[in-house]
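Taken together, the values in this text are just the output of simple stated rules run on the coordinates, not laboratory data. Here the structure is a predicted model, which means the values were calculated and not measured. Backbone-built Cβ (ideal geometry, glycine too); neighbour counts: all protein chains shown.
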Amino acid sequence: MKKGRYGFLAVVVLMVFVALGSRLVYVTVIAREEIYEKAQNQIQSKRVLPAKRGSILDRNGEVLSSSTEAYRVDADLTALQRKLDRTGRSSAYYTKSLASILGMEEEELQEKLSMDSPHVIIKRKIEKDTIDALRSYIIDESIDFLVVSSDEIRYFPNGAYLAHVLGAVNIDNQGILGLEYYYNDLLKGVDGIKIAEIDQRGRELPFSEVVETPAIEGSDLILSIDEKVQYIIENIADEAMEKHEADSVSILVSDPQTGGVLGMVNIPEFDPNNPFEGITIEEFHELSRNTVVNDAYEPGSTMKFATIAAALDQGVIGAQEQFHCEGHIEIDGMVINCVDNVAHGDLDISGILLQSCNVGTVKIAQRLGIDNFQKYIEAFGFGMPTGIDLPGESAGILFGKGRMSAFDLGVSAIGQSQTMTPVQMLSALNAVVNGGIYRPLHMAEKLHHKEASGLQMEEMINEDQGVRIISEYAAKEVLKGLHHTVTGSLYSGAKIEDIEVFGKTGTAEKIVADEEGNLGYSKDQVVASFIGGAPFDQPKVTILVIVNNPKDAIFGNIVAAPWAKEIFLALDQYFSLK
Amino acid sequence: MALPNRIHSMNTVPNPSVEREERRRRQEEQEKLKHSRELYRMKTAAQNNKVRKRVVGTILLMATLVLATLWRSAEIYTLQNEYVTIQGSIRETHRQNEDLRGKIIKASAIGEVAMQSLDLDLIVVDQGMAIHTDLSKNHFEELEVQVQKESLTDKILSIIPFEVAH
């Protein structure tokens, strides 16, 4: 070989080595990060470990709402088109079977499969039985355009039952109403992440390094609600709604000692499992209002206990003091009547409560004075949210300081013109029942936190020592009066032979607009209510029943009190009220 | 120039003693050569044997290493398969568990329980069904203690020592 050829070969080899060396430097030094990232992306999988949403349980551990794993089906429309082109079929070939398996309308599915998009969600929150059937169909038909992946279903096993309290979640399991919304941050938990090296088939490589931050499950929420109490009042509210053809019926049951709500119902309800199904958004907004918390009403005569309690506490009246009722009282040229203008004569506070005497109550309020009346109204928690753990609590509407006239005082004392929420009313009654200690109502009592390690921690919430708002003496005298109101009457709708019930009925005229749009009190549209509890010696439950616009009768004693009686009788079978 | 001492300058006949000596020397040389060749052959054979042994040893070692590697790889592959299978089983069990949980949650609805109870004709036990008993009184009949009278045979047997009687 000639010397020149050797030289040429050496140069070529050298150039090859230089090129390889340069590439090596480029790969290992210059583009290292980029190439490393690309390589990592190919072999590394970053998977979000979704946190399981916590359950909501009643006080006895019964499940009220809980989540389980489910499935979703997405369609790759490009793959579908390829398949259709390959097989010469139309998408209708698959639509009928798929719609039948997934429980969908054929038209809806066809519309989704015809969308101008690379992929589309076919259905979410599918149960295992359905997905098993779908998988069989996918194998039989060699379908490659459907993707089955994980999802989560939120079950509300009792359907519409307790719907306003529990609320609902959206498609991504985020709370949008009720307790699901209020405690969303605690219920939703924290998602985890898993970084692992995978093979071509997406399987984790053994002996490779796995970085895993486990998900922290959402906390379980334990309510003061008692499932059986709720069941009782749900059924009674349904009956009341049907019997009176009312616009709505609300019932609230609480444990006066703790302030825990045992049951809360508003009829009509919605089904949180399918909150928007078959109704418009407007209808949903109407149905999903928790009127017990979100709406205020004029409580009527049920307010009288608060007026009398305030006067007794202030010391401006005596428990045995008599007030004379002439059937009506004139204030600033305006007249406040008792029902049917009946003159009750001389009455003490028990008599005033028993007869539901407007005149006697107005005279007591006048003795108390506007400033003191407003001070006590505030102390009873009216005019501001009580802080109950439900969203959108209304404050009610009160006369502002310095804006209450003598007539306003009179009508406010008998529960007209100012508005309160049912939650405020029952919290106020509970203060009287508890010897003057005010403790607002609450829904949740405990949280069960679940650590990533599996450890569980219990946290008590909404524990409230309460605050004294009236003297024990005043509370005791008013409670005696409320007891006399039920037991001392021959006609009390809430009277039960073996159970010492106390309470007060109310019939408040509703403010409605006339044909010309002017607002005024209606003579035939009322809110009939009963507020009370049992047993008198050691109250275990307090109840508020509100029937909104009953069509067959108007008086609280005829419309609301009998349902309270039904509730007391049913509760007595569950936990003795004797 | 002096002639070699074995050649007589006056006579061309080889000296017989010189001839014998030459032959012996040649023979010795040949034997030496033979011995040397034999030694060389033996040495080479030994070396070849050594090399062969080394080659065979190396081949065996490599074969062992290859086998070990293949065996380990197969083991890893099997383990991976098992791992994947177990993961699949765990996932399937988890799915079944979740499915079952969903069914239990649905079945635990109080309305469902109430309906099933009605279907099964279960009754609501209320306080009216309770049996009230005054435990301050003794409601039980005083029973006389009945003593069984001994028969004649029993009396006789009781007198006789146990071992004898039986």
Quiz item: How long are the three semi-axes of the equivalent ellipsoid for region A:331-431, computed from the Cα gyration tensor as the root of 5 times each eigenvalue, in whole Å, largest first?
Solution: 26, 16, 12
Quiz item: In Å, what Rg and Dmax follow from the Cα atoms of region A:64-182?
Solution: 16.8, 53
Exercise. Calculate the tail of P(r) for region A:25-71: the fraction of all Cα-Cα distances greater than 18 Å, expressed in %.
Key: 62 percent
Quiz item: Counting pairs of Cα atoms in region A:1-98, how many percent are more than 16 Å apart?
Solution: 81 percent
Self-check item: Longest to shortest principal axis, alpha-carbon extents of region A:129-177, angstrom
Solution: 46, 19, 11
Quiz item: If you place +1 on the Cβ of every Lys and Arg, -1 on the Cβ of every Asp and Glu, and leave all else neutral, what size is the dipole of chain A about its Cα centre, to the nearest 20 Debye?
Solution: 2660 debye
Quiz item: Hey, how many Å between the Cα centroid of region A:513-558 and the Cα centroid of region B:35-50?
Solution: 124 Å
Exercise. Over the residues of region A:332-383, compute the C-alpha Rg and express it relative to 2.2 N^0.38 Å.
Key: 1.28
Practice problem: Please give the average number of partner chain Cβ atoms lying within 10 Å of the Cβ of each residue in A:378-390, rounded to a whole number. | Solution: 0
Quiz item: Expressed as a whole percent, how much of the Cα-Cα distance distribution for region B:28-124 exceeds 15 Å?
Solution: 81 percent
Quiz prompt | Averaged over A:285-292, number of beta-carbon atoms from partner chains that fall within 10 Å | solution = 0
Practice problem: Could you give me the radius of gyration and the Dmax of region A:203-348, taking only the C-alpha atoms into account and expressing both in angstrom? | Solution: 26.2, 94
Practice problem: Note down the nm distance, to one decimal, between modelled labels 7 Å out along Cα→Cβ at A:Ser90 and at A:Arg203. | Solution: 4.3 nm
Exercise. Would you calculate the separation in nanometres between label points at A:Val339 and B:Thr69, each defined as 7 Å from the Cα along the Cα-to-beta-carbon direction?
Key: 10.0 nm
Quiz item: By count of other Cβ within 10 Å, fewest leading, how are A:Met425, A:Met15 ordered?
Solution: A:Met15, A:Met425
Quiz item: Normalized C-alpha radius of gyration of region A:414-483, against 2.2 N^0.38 Å?
Solution: 1.59
Quiz item: Can you put A:Leu347, B:Leu61, A:Leu98, A:Leu187 in order, fewest other beta carbons within 10 Å first?
Solution: B:Leu61, A:Leu347, A:Leu98, A:Leu187
Quiz item: Binned at 5 Å from 0, what are the whole-percent values of the Cα-Cα distance distribution for region A:438-578, short to long?
Solution: 2, 9, 14, 14, 14, 14, 11, 8, 6, 4, 3, 1, 0, 0
Exercise. Divide, for the protein assembly as shown, the radius of gyration over alpha carbons by 2.2 N^0.38 Å, where N is the residue count.
Key: 1.77
Practice problem: Could you work out the local net charge near A:Ser522, counting Lys and Arg as +1, Asp and Glu as -1, over the other residues with Cβ closer than 15 Å to its Cβ? | Solution: -4
Quiz item: Fewest first, what order do A:Glu472, A:Glu33 take by the number of other Cβ atoms within 10 Å?
Solution: A:Glu33, A:Glu472
Self-check item: Alpha carbon centroid spacing (whole Å) that separates region A:1-63 from region A:368-429
Solution: 70 Å
